[in-house]
1. Considering only residues that are closer than 19 Å to Gly150 by Cα and of a type in the set (Gly, Ala, Ser), which ones fall in segment 96-132?
2. In the list Asp32, Asp66, Asp39, Asp56, which residue meets the criterion of being without any contact (Cβ under 8 Å) to a residue 40 or more places away in the chain, assigned by TED's automatic domain parsing to the domain that holds Ile106 and within 18 Å of Gly14 (Cα to Cα)?
3. Among the residues of segment 403-430, which ones are surrounded by fewer than 17 Cβ atoms within 10 Å (Cβ to Cβ), in contact with a strand residue (DSSP E or B) (Cβ under 9 Å, 6 or more places away or on another chain) and not in a strand (DSSP E or B)?
4. Mind listing whichever residues of segment 355-395 are aliphatic (A, V, I, L, M) and either within 30 Å of Cys430 (Cβ to Cβ) or in contact with a Pro (Cβ under 8 Å, 6 or more places away or on another chain) (or both)?
5. Select from segment 263-277 the residues that are surrounded by 13 or more Cβ atoms within 10 Å (Cβ to Cβ) and free of Cβ contacts under 8 Å to residues at least 40 places away in the same chain and list them in ascending order.
6. Within segment 78-103, work out how many residues are of a type in the set (D, E, K, R) and loosely packed, with under 15 Cβ neighbours inside 10 Å.
7. Since Val36 meets every condition but one in (1) under 26 Å from the mean Cα position of the chain (by Cα); (2) in a strand (DSSP E or B); (3) not aromatic (Phe, Trp, Tyr), which condition does it not meet?
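The values are calculated or read from the model by the stated rules, or taken from the named source; none is laboratory data. On a predicted model such as this, the values are computed, not experimentally measured, just so you know. FYI the Cβ positions are ideal-geometry reconstructions off the backbone, even for glycines, and counts take in every protein chain you see.
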Amino acid sequence: MSLTLAIVGRPNVGKSTLFNRLAGRKLALVDDTPGVTRDRRPGDARLVDLRFTMIDTAGLEVAGPDTLEGRMRAQTEAAIDESDGALFLIDAKAGLTPADELLADILRKRGKPVVLVANKAEAKGAESGMLDAWRLGLGEPCPVSAEHGGGMLDLRDAIVEAFGEERCFPSSDSAFGEAVTDVDVPTPADGADENDEGPDYDETKPLRVAIVGRPNAGKSTLINQFLGQDRLLTGPEAGITRDSIAVDFDWKGRKIKLFDTAGLRRKARVQEKLEKLSVADALRAIRFAEVVVVVLDSTIPFEKQDLQIADLIVREGRAPVIAFNKWDLIDNRQEKLAELREMTDRLLPQVRGIRAVTVAGQTGEGLERLMDNIALVHRVWNRRISTARLNRWLDHVVGHHPPPAISGRRLKLKYMTQIKARPPGFMISCTRPDAVPESYTRYLINSLRADFEMPGVPLRVVYRSGDNPYAPKDGKTRRPSLMPKKSATRAKSAGTGKSRTAKPKPAKKRG
């Protein structure tokens with residue numbers, strides 16, 4: 001796609017609603033509260049036969065450069081500079097405001113094509129606002145309804161008229177390409193043959209990494225340090241990030257997609273609707289990621305919420321990595337490092353051997369080690385083990401520590417194979433699978449980690465019972481009787497309640 005358009009306007013005019021409409025799905029957070037969007041979010045737009053790249057931006061507000069609103073305005077101006085033109089949204093229902101006139105002056109100074117879009121045109125009294133928009137000197141306003149999808153054909157014609165058909169349709173093939181969403185849906189791992197280790201690990205395959213943690217842990221600063229630019233909005237305020245923003249960068253020739261997420265607070269403290277939407281977007285980013293980096297504050301590590309986030313990642317089956325951020329603020333590093341190692345092993349026993357790296361988002365210290373550990377954990381997360389090796393290992397561990405006897409009956413583990421990867425999952429055929437204690441399952445998982453070098457990733461072990469050839473096919477449980485079958489005569493007499501040995505009555509004498 002050669003055309004890139006920035007969606008700009010003052011707060012609460014419907015920029016994110018139009019972004020979702022053009023994307024064909026709800027990617028950006030939408031709420032009636034002004035100033036929901038703060039970072040600029042790119043996405044692929046589909047408008048009839050027109051394909052282009054769009055950038056959702058924050059609402060323009062007049063404020064100082066050191067304030068949060070001033071930094072949001074800098075992000076909007078950066079989106080205008082990197083785009084080919086702009087879709088300038090105004091609220092036709094409310095009419096023009098001084099903020100609209102200020103943004104129009106900024107766009108005119110850039111000298112790029114601008115399409116004036118009058119949103120909320122379906123509202124009563126919107127005609128006066130559209131007529132008032134002529135004062136901006138940006139041409140005829142295009143009436144649309146981003147919420148209901150009205151006026152999309154007129155918007156398509158206005159974009160083609162402003163940029164030209166050669167620019168909008170560079171080739172016939174690209175005009176009908178499929179739009180790519182902001183978050184790619186992961187493909188399930190294919191089953192592998194039981195006698196091999198599966199395909200080799202592809203180190204050039206793109207990698208999806210989500211950065212999560214509590215508010216004000218330094219997630220956005222860490223990503224900006226990776227990119228080498230102020231791509232995401234940062235500051236001393238807690239809870240700046242709201243949307244899950246995906247950014248791309250190359251690391252040693254490998255494409256990495258990083259997802260910046262909103263800070264996850266305790267569930268009892270999340271009361272506002274907007275924060276609930278942000279948390280839901282962050283949880284969605286965790287589910288679609290492959291590796292999840294949990295950013296912890298080195299000065300106050302392992303709060304209760306940090307442990308809950310790590311446990312959530314393990315239950316979702318993602319590959320976790322811990323990043324102890326703000327390491328530049330620690331004075332006695334050796335003592336602190338030993339303390340962090342002890343706390344990691346003690347508080348996260350469900351992912352024994354989890355990778356933990358000390359980093360500094362402000363200075364860039366430890367970022368190379370962090371990426372090395374992310375690639376290593378991703379390799380382990382995709383690992384497959386042959387069935388032959390697993391069964392030899394099962395015989396060894398069962399001989400060393402046999403399963404316990406439940407109700408006087410010994411459990412027997414017969415067969416083991418790996419049924420999936422991402423994360424690694426194993427199936428064990430055994431007798432009475434519902435009676436295997438949880439302690440013995442933990443013993444098997446810890447032995448798998450140690451013997452096959454799979455530390456720090458979630459492992460799944462399920463039990464199944466073998467098919468009983470004597471079981472009825474209709475699913476009913478029947479116990480075979482050891483007594484001989486009753487004869488027809490005995491069954492008949494039993495049904496009538498009469499005894500077979502009863503003597504016949506004597507015949508009556510005739511007089």
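1. Hits for segment 96-132 are Ala118, Ala121, Ala123, Gly125, Ala126, Ser128, Gly129.
2. Answer to the selection: Asp32.
3. Once the filter is applied, which keeps residues that are surrounded by fewer than 17 Cβ atoms within 10 Å (Cβ to Cβ), in contact with a strand residue (DSSP E or B) (Cβ under 9 Å, 6 or more places away or on another chain) and not in a strand (DSSP E or B), segment 403-430 yields Pro404, Lys412.
4. Listed by number, the residues that qualify are Val377, Val380, Ile385, Ala388, Leu390, Leu394.
5. Listed by number, the residues that qualify are Val270, Glu275.
6. Final tally of qualifying residues: 3.
7. Only one criterion in (1) under 26 Å from the mean Cα position of the chain (by Cα); (2) in a strand (DSSP E or B); (3) not aromatic (Phe, Trp, Tyr) is unmet by Val36, namely (2).
For (1) in a strand (DSSP E or B); (2) small (Gly, Ala, Ser); (3) over 17 Å from the mean Cα position of the chain (by Cα); (4) crowded, with 21+ Cβ neighbours inside 10 Å, each residue gets a yes or a no:
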{"position": "Leu222", "(1), (2), (3), (4)": "no, no, yes, yes"}
{"position": "Arg231", "(1), (2), (3), (4)": "no, no, yes, no"}
{"position": "Gly239", "(1), (2), (3), (4)": "no, yes, yes, no"}
{"position": "Val247", "(1), (2), (3), (4)": "yes, no, no, no"}
